[in-house]
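Notes for the one structure printed next.
The values are calculated or read from the model by the stated rules, or taken from the named source; none is laboratory data. Please read all numbers here as calculations on a predicted model, not as lab measurements. Reconstructed Cβ throughout: ideal geometry from the backbone, glycine too, with neighbour counts over all protein chains shown. Remember, those area values only see protein heavy atoms, side chains included, never the ligands or the DNA or RNA. Shrake-Rupley method; radii C 1.70, N 1.55, O 1.52, S 1.80 Å.
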Amino acid sequence: MFTTGFKFFFGIGVGLVTAAMLYGYTSGGNWTGPVSLGWKEGVGEHIGYGILLLLGVVAMAIACTLVFFRDADPADQADYMGVDDIEPTQPVTGSFWPVVGAFGAATMAVGLVLNTAVFITGLVIVGVVAIEWMMDAWSDRATGDPEANRALRNRIMAPIEIPAAGAAAVAVVVLAASRILLNASKNGAVVVAGVLAVVILGIGFLAASDKKINRNLVAGLSVVLGVAILGGGVWATVDGEREFHEHEPHGEEDHADDGSTEDDHADDGSTEADHGEDEE
Amino acid sequence: MAETTLVEEQAHDHPSDWAYVKIALLLAAITAVEVLTYFESAITVFENNSVTIASLMVMMVVKFYMVAMYFMHLKHDNPLFTRLFAGGLALAVAVYVIALSAFEFWA
Amino acid sequence: MAVTEDPLALTTGDAAIVERPLGVLTRPQGGNGWRDWLSTVDHKKIGIMYGVAAMFFFIVGGIEALLIRVQLAAPNGSVLSADIYNQVFTMHGVTMIFLFIMPLAAAFANYLIPLQIGARDVAFPRLNALSFWVWIGGAIFLNSSWIVGGGGADCGWFCYSPNSGLAFSPSHGVDFYAIGLLITGIASLVSSANLIVTVLNMRAPGMTLFRMPVLTWMLLVTQFLLLFALPVITVALFLLLFDRLFGAQFFNPEMGADPLLWQHLFWIFGHPEVYIIILPSFGIISEIIPTFSRKPIFGYSFMVFSGIAIGFMGWGVWAHHMFVSGIGPLSVWAFSMSTMFIAVPTGVKILNWLATMWGGKLRFTTAMLFAVGTVAMFTIGGLSGVTHALAPADTQQTDTYYIIAHFHYVIFGGGVLGLMGGMYFWWPKVFGHMLNETWGKLHFWTMLIGFNLTFGPMHILGLQGMSRRIDTYSPGFGFEFWNLVASIGSFVIALSVIFFFFNVWKSRRDAPNLPAPGPDPWDARSLEWMIPSPTPEHNFDEIPVIESDDEWWHRKYGYDENHNVVRVATVEEVAQDGSATGVHLPAPSFWPLVLAAGLPLIGYGLIFNLWLCVLGGLLTGLGMYAWALEPVDDPDADHDHGHDDHHDDDDDDTEGAEAEMADVSAGDEEA
Amino acid sequence: MATATDAAVDTADHGHDDHGTSTGISNTKLAMWGFLGSECLLFGGLISTYLLYKTRRGPGPENTVIPTDVFDIPFTSVSSFVLLMSSLTMVLALSAITRGDHPATRAWLLTTAMLGGIFIGGQVYEFTSFIREGVGYTHNPASSAFYTLTGFHGVHVSLGIVMLMSLFVASKQGKLRQEHSETVEIVGLYWHFVDVVWIFIFTVIYLIPVD
């Protein structure tokens, strides 16, 4: 009746919900708050409480799903086939997840020392590894057929992986590009954006033309471009944004200024004072 | 499937890649002129605001029309698409122009 | 669809070993269990679900209405506090409009459009399911503010700024209102695009646009109105929401904003919305009246064109809701004129209905009574509407009970009565048994009397100066008597609704002892009556070829040499018997439900905790991509049959299918 | 917004009717054009809101700076150019897949997505710099309307990028075959529409001088 999977997930769920209660109480709540899901107020730190509770509920939901629907449950399968256990269909080797997971853990550790952003990055990596690894382990022995197992895994994971990968790729480009632009000078940003666009367009034309000789060239250029954007992004993040001048509060009509005119009127501004002003 | 073959048939009417590039170059050129209006001193006629606005609107409509007609294939596709889109567009323009008029926006 | 013998989607393995490796996640296979209602893409099941849900919210909105009337029955009412009263009348309006009338019209649209144009389903069956689930998610979300949002919205259904701002409405009610309507808006938008494509693209051979039944035409116009009006309210709701959640400055006059912007955006949507509510009902009675007059509709093309004209002109009259807001004399003049003009096509319709009945052999069935009632009541509402077009008169009437009286005559008298008539008319087609006529007539008369008792006196109250949206009034203004009458009337309406539900229950109970209605119980005119009742899952055995308008009528009747109508065929001879095989139907899917489930979560997240947005967004994204990656047609459904066009309908063997499914799951459990 | 993706991902639905459609045109494309017609009213509402509010400054010194004070026309011009060129690469992607040239399809899809990414990166830059220069979202009606309008456009572009990347992955996995060119066309229609909206915004919001 209660499969191993159920016990595992339900255990995790109960643990997480208990942790949420404790956390909600210890971070400054009262006794009724955490138990009534914050209905009567009195939960201490909301975000942490919310996350823990959410994860707990999700784990319990997975547990119930397992019991009710027995999706590709190896134990059930084994029962059905009258064997003790379904063997994994392929040896569990060649997985990169342990390495990536270790990298994530290391990032977390570094993040604890350095800053929160790095820590969260590590946390995300570890989370992704946990999910992917668990899905792989499960699907490896879901049925007796490797082909079917792979299809199973893809049916569940592809709808998550494809958009996530696409969004992540774009997010990296957007983040890196915007950091570089923020680091450049006002006119520099115009040039950088223009050059980037032209280079991308150029590589696109090269890649799409059917001359086979271009393959290596295109690959090389793409790598250079990728490294330039990524590296530039990281460097620009570390280096910080350029200095911006707060536009002086509006006194009279004035339009179409392009930055350099700002300093000319600086004296009729009042909030300008608390900003370091010098760009030229 | 009927639609697929239809699309394939229509594909023959579509402009060639080179035609698309030419259209894009033209669009880029119009954009460049648009931007020039911002640098008033570059072209003297743009010192007059109403001339600037009028020519900007004309250039915008031309760009809009070209993208819709060629890149979105309205010129070569079933007129029903054009009617549906133009219907929404015309309705939007009409309704919002009236609404802005009620705010005496143009005064 | 029958459960196939091969349970496994993954065909490479040994079937004995890989018995249903995915339980709930595998593609649903059809039948009639709860899973099949959750995963159905059948326009008929979706239509029924819309209808049931709409009637549920009719009760909710009705209870709210009764609370209002109890409060106002006597001076100095103290049943509700002023605050609760504000919430109740706001939610009454929102519920009745967005959660009752619109979805009930959607129920008719979903069920009838494909049948009336001779199609097997709508153009995008899965999007159709999505519309329903998104809508019901939004509806539940909207009403959940009573429980988790600190009360309902309290700004009136049109939620004017600054009443809707944080200063005057600090609870979460308005946030729930805005997000709830955004979600239901997405549903209606998807549904409208879907139905437009259905009507344009899925017609049977020979079914030209001008052979379509008037109902289909009116529903088509409605869908266009929805398609173009919803984005406007979407903008308005987003602005309101950003004001409230993120401190934007769209409606705050202190910061230089203009609260009139909300009114314009709201009514640009709001006036087409009036026609969105009324046109389906017009379509319905345009089917009922010819049937029970035994005459074709008078002036078919006038009917259609006046409907289209209403659709167009409905866009040019919105500011007549704003005559007292200071929009300036020129605007008042222009909108006053356009408002008077829109009475013309409406008048054309009323005359055409009367001309259809003129000289016809009238049969006053319940459906016909409701249709005639609709024409009469809507005429009263339309006439009081013309009095609003006159700006000076409107200035006196604005924000009084006269307005309440007017729009209830239009929406209840014109909209709800027509939809009720539609229920009696198509009930046998949907459920395979008739509704009891005696109880139906009782329902009609109590509803008509109750309706007039409730809303008739409000004309007088309004002209006496009783203002709307007040939670109570003092004695001595002459309001007492008519308010009491109105409150009594509201309970008569409630009684009539009870009669209706009793009738539904009784008719269902009695059905086995009565003769089956057959395909065409009313001797009707359009295509849906040529197929069995209830409609088989595949709709038409064979897609009919259409040769004239009122195709089904012309298959039954011809003319002799003296141009008298004579019967040329019995229903049995020309009707389809629903026994087709080889019909290919789209496969059910769970993903629309999953996708839809994410949206209310995003809504709660925006209000309470952004982490919930992440979860909701993930769920929605998962739903979308799983949907995109899932083939439309289940490859396994055809497994045994070798070719694509196999028959998988199963009215007669649904029981078998269920038993089979039970077997499968029992097998799983015992094993 | 959800609907755009739905319409795009639902393309497979068009195969249902074995007898073809009454008008002889594809269901999905018809639905997409209907949706785009509807989107005109969405963006029309946002643009009108901005036009109404473009010179509305709030009281108090910190609320008076409006977007037109800090517009960076040279940069926005480059952004517009980027988006315009992405329309070209989009149409070339469609042209490539109708020819059955899959490597070129992928190249153009990726190029389009990357140009879109640069555009959004530019928007992040623009928003950040405007905020640094004193135009906060909550400062006055003009700034609220500006960020809301361009933000909505940005969200549309971002969704378009995710769709393009999905097509790219599908093509990489061999699932985007020549006969699925309509899917590319649908996503393309959406993408060009977003471009067309920007053509409007660039002229009416940025270039027409405020006086």
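Taken residue by residue and averaged, Cβ atoms of other chains lying within 10 Å of the Cβ of D:171-184 number 2. Residue by residue along C:612-620, Cβ atoms of other protein chains within 10 Å of the local Cβ number 1 on average.
Computed over every Cα-Cα pair of segment C:462-505 and binned at 5 Å starting from 0, the pair-distance distribution P(r) comes out as 5, 17, 20, 18, 12, 9, 9, 6, 3, 0 percent.
For the pairing of chain C with chain D, what total accessible surface becomes buried, with a 1.4 angstrom probe, in square angstrom to the nearest 100? Could you put the intermediate results ahead of the total?
Details: alone 26800 and 10420 Å², together 33320 Å².
That pair of chains buries around 3900 Å² in total.
How fast does segment D:2-207 diffuse by Stokes-Einstein, in µm²/s, taking the Kirkwood radius from C-alpha pairs at 20 °C and 1.002 mPa s?
Values: Rh = 18.3 Å.
Value of D from the Cα-based Kirkwood radius: 117 µm²/s.
Among C:131-143, C:455-467, A:214-226, how do they line up by average Cβ neighbours within 10 Å per residue, starting with the highest?
Put in order of decreasing packing, that is C:131-143, C:455-467, A:214-226.
Each other residue within a Cβ distance under 10 Å of D:VAL169 adds +1 if Lys or Arg and -1 if Asp or Glu, for a net charge of +2. For segment C:213-363, compute Rh as the Kirkwood radius over C-alpha pairs and then the Stokes-Einstein diffusion coefficient at 20 °C and 1.002 mPa s; write the answer in µm²/s, rounded to an integer. Answer from the Stokes-Einstein relation: 124 µm²/s. How big, in percent, is the set of alpha carbon pairs in segment C:175-265 lying more than 16 Å apart? Within segment C:175-265, distances greater than 16 Å cover 63 percent of Cα pairs. Expressed per residue, the C-alpha convex hull volume of segment A:174-239 stands at 65 Å³.
Name the shape class, rounded, prolate or oblate, that the alpha-carbon gyration tensor gives for segment D:18-87, where a ≥ b ≥ c are the square roots of its eigenvalues, rounded holds for a/c under 1.5, and otherwise prolate holds if a/b is larger than b/c and oblate otherwise.
Details: a/c = 6.32, a/b = 2.21, b/c = 2.86.
Here segment D:18-87 falls in the oblate category.
Computed over segment B:14-76, the percent of Cα pairs more than 14 Å apart is 61. In a Debye calculation with equal point scatterers on the alpha-carbon sites of segment C:60-183 and no solvent, what is log10 I(q)/I(0) at q = 0.15, 0.21, 0.23 Å⁻¹? Rounded to two decimals, the profile gives -0.74, -1.14, -1.28.
Dividing the Cα radius of gyration of chain C by 2.2 N^0.38 Å, with N the residue count, gives 0.99.
If the viscosity is 0.692 mPa s and the temperature 37 °C, what translational diffusion coefficient in µm²/s does Stokes-Einstein give for segment C:267-308 when Rh comes from Kirkwood over Cα pairs?
Values: Rh = 11.4 Å.
D = 288 µm²/s.
How high is the FRET efficiency from A:THR121 to A:LEU206, r the C-beta distance, R0 35 Å, rounded to 0.05? Between A:THR121 and A:LEU206 the formula returns 0.55. Remark: mean inter-chain Cβ contacts per residue of C:313-323 equal 1, using a 10 Å Cβ-Cβ cutoff to other protein chain atoms.
Pairs of Cα atoms in segment C:410-532 fall into 10 Å distance bins, from 0 up to the last occupied one, in shares of 12, 33, 25, 16, 10, 4, 0 percent.
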